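So the structure is just underneath, and the comments pick up after that.
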Amino acid sequence: QVQLVESGGGLVQPGGSLRLSCAASGTTILLYGMGWYRQAPGKQRELVADFTRGGRTRYADFVEGRFAISRDNVKNSMYLQMTSLKPEDTAVYYCNAYGLGSPVEYWGKGTLVTVSS
């Protein structure tokens, strides 16, 4: 059974930093494209950053160079380093994995990031 478990969320002041982690089990992330999404209260889930099928990284416009997505295939994990956080970054952040050679998709349960003074 494939599981994605996010961690690293929490309360941070504006301008602060957080590093989110997504640990995969039950499979190897080598078989998947992966990304981070977020959902703020009352809003739709939106892409934050991901690895495209071509292996490149892609970021939402609102990231503005503040976040960096990375993955460690040995540790079977993906990360999102977030800096210069703003109150509007407050959301539940989700890890997503989609099959590169199969029509499957998995989601973690999310980790809450709250940016507030």
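Here are the numbers for the structure shown:
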{"read-out": "Probe 1.4 Å, accessible area per residue of the chain, Å²", "value": "54"}
{"read-out": "Portion, in percent, of the accessible area of the chain that falls on carbon or sulfur, probe 1.4 Å", "value": "50"}
{"read-out": "P(r), alpha carbons of the range 1-55 - 5 Å bins starting at zero, rounded %", "value": "4, 13, 19, 24, 22, 10, 6, 1"}
{"read-out": "Cβ-Cβ FRET estimate between V5 and T114, R0 fixed at 25 Å, reported to 0.05", "value": "0.80"}
{"read-out": "Area of L30 that stays accessible when all protein chains are in place (1.4 Å probe, Å², to 10)", "value": "110"}
{"read-out": "Binned Cα-Cα distance frequencies in the chain - 5 Å width, integer %", "value": "2, 12, 24, 25, 19, 10, 5, 1, 0"}
{"read-out": "In Hz, Karplus ³J(HN,Hα) per residue of the range 85-92 (6.51, -1.76, 1.60; θ = phi - 60°; x = Gly, Pro)", "value": "5, 10, x, 6, 7, 4, 4, 8"}
{"read-out": "Heavy atoms of Y106 accessible to a 1.4 Å probe, total area in Å² rounded to 10", "value": "70"}
{"read-out": "Spacing of the two label points (7 Å from each Cα toward its C-beta) at Q39 and A23, in nm", "value": "2.4"}
{"read-out": "Phi to ³J(HN,Hα) by Karplus 6.51 cos²θ - 1.76 cosθ + 1.60 over the range 24-30, Hz, x for Gly, Pro", "value": "9, 9, x, 6, 10, 5, 4"}
{"read-out": "Highest-fluctuation residue, P87, P41, P14 considered, GNM on the chain with Cα pairs under 10 Å", "value": "P41"}
{"read-out": "Normalised contact order of the chain, rounded percent, pairs of Cα under 8 Å and 6 or more residues apart", "value": "37"}
{"read-out": "Cβ-based net charge around V113, under 12 Å, with every Lys or Arg adding one and every Asp or Glu removing one", "value": "0"}
{"read-out": "Set of lysines near K75 by C-alpha distance (under 22 Å), chain-local residues within fewer than 8 positions excluded", "value": "K109"}
{"read-out": "Phi-based couplings in Hz for the range 51-67 (Karplus 6.51, -1.76, 1.60; Gly and Pro marked x)", "value": "9, 6, 4, x, x, 7, 9, 9, 10, 5, 4, 5, 5, 6, x, 8, 10"}
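The values are calculated or read from the model by the stated rules, or taken from the named source; none is laboratory data. Nothing here was measured: the structure is a model prediction, and the numbers come from that model. Note: ideal-geometry Cβ built from the backbone for every residue, glycine included; neighbour counts use all protein chains shown. For accessibility, only protein heavy atoms count, side chains too; no ligands or nucleic acids. Shrake-Rupley method; radii C 1.70, N 1.55, O 1.52, S 1.80 Å.
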